[in-house]
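Heads up, the thing below is written out as structure tokens.
All of the numbers you see were taken from the coordinates with simple rules; none came from a lab. What you see is a predicted model; the values in this text were computed from it and never measured. Don't worry about glycine lacking a Cβ; one is built from the backbone with ideal geometry, like all the others, and counts go over all protein chains shown.
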Amino acid sequence: MASAEAPTARPILYSYWRSSCSHRVRIALNLKGIDYEYKAVNLLKGEQSDPEFMKLNPMKFVPALVDGDAVIGDSYAIALYLEDKYPQRPLLPQDLKKKALNIQIASIVCSGIQPLHNLTLVRFIEQKVGTGESIPWVKQQIDRGFTAVENMIKGCAGKFAMGDEVQLADVFLAPQIFAAVTRYQIDMVLHFHLLSSPQLYLSLSLMN
């Protein structure tokens, strides 16, 4: 009699609830219907500096994904890994131009917007100029990034940034918009094309 196959271990996501980087990965996992184990890493308590977590991500950032023998410690890399390994519910279109635009927008969010209001940077600025003084600067940087994305998607009609289907760009934009509105009170009226349907993006951002 053939032996039964061992059950496949679920991917493990190390995440912090308020981290927009972690939020992106949770949305991608849920959109693809991937069953995963959630392990909280409390950044405020410094759990990212625990030696065991640093084995997963020496940079001490969340998220980190463990999937079998694969260990990935960056939300952008995780998203691309999930897209390749779990092709169900694809987040990148086949059209090369649209695919490149999705990747470009995701890159802008994770390299040109989110790092500029990272907790470490905000704390550093406030140490230099005073508590609360970082907020106007952060809002300016978020607005600048949103304006750039807005100009890039003007020709893309639909419910979301790139059309009527959720794509990689939306996976990165939704948590960023959620953080901008709830934490920094950014007026999204100024970015009509980016947020033509607030309810849709809100529902996407709540996909945890």
Lys and Arg at +1, Asp and Glu at -1: neighbours of Phe192 with Cβ under 13 Å from its Cβ sum to -1
Taking placed amide H atoms and a strict 5 Å upper bound, the residues 5 or more places from Lys39 or on another chain that come that close are Leu13, Tyr14, Ser15
Yeah, the range 93-182 with a ≥ b ≥ c from its alpha-carbon gyration tensor (a/c under 1.5 is rounded, else prolate when a/b outruns b/c, oblate otherwise) is prolate
Computed about the Cα centre, the charge dipole of the chain from +1 Lys/Arg and -1 Asp/Glu charges at the Cβ has a magnitude in debye, to the nearest 20, of 360
Fewest-first ordering of His117, His23, His191 by Cβ atoms within 10 Å yields His191, His117, His23
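State whether the chain is rounded, prolate or oblate according to the following rule on the C-alpha gyration tensor (a ≥ b ≥ c being the square roots of its eigenvalues): a/c under 1.5 gives rounded; otherwise a/b larger than b/c gives prolate, and the remaining case gives oblate.
Note, shape of the chain comes out oblate.
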Rounded to the nearest 5, the percent of DSSP beta bridges in the chain running antiparallel is 65
Rounded to the nearest 500, the 222 nm mean residue ellipticity computed for the chain from DSSP H runs (n ≥ 4, each -39500 (n - 2.57)) alone is -14500 deg cm²/dmol
Within the range 87-152, DSSP-loop GluC sites (Glu not before Pro) with at most 13 other C-beta atoms within 10 Å are Glu133
Excluding near-sequence neighbours (fewer than 8 apart on one chain), the chain holds lysine pairs with C-alpha atoms under 21 Å apart numbering 17
Given unit charges at Cβ for Lys, Arg (+) and Asp, Glu (-), the dipole magnitude of the range 82-142 about its Cα centre in debye, nearest 20, is 140
Highest GNM mean-square fluctuation among Val62, Val71, Val109, for the chain with Cα springs under 10 Å, belongs to Val71
Rounded to one decimal in nm, the spacing of the 7 Å Cα→Cβ label points at Glu47 and Gln185 is 3.1
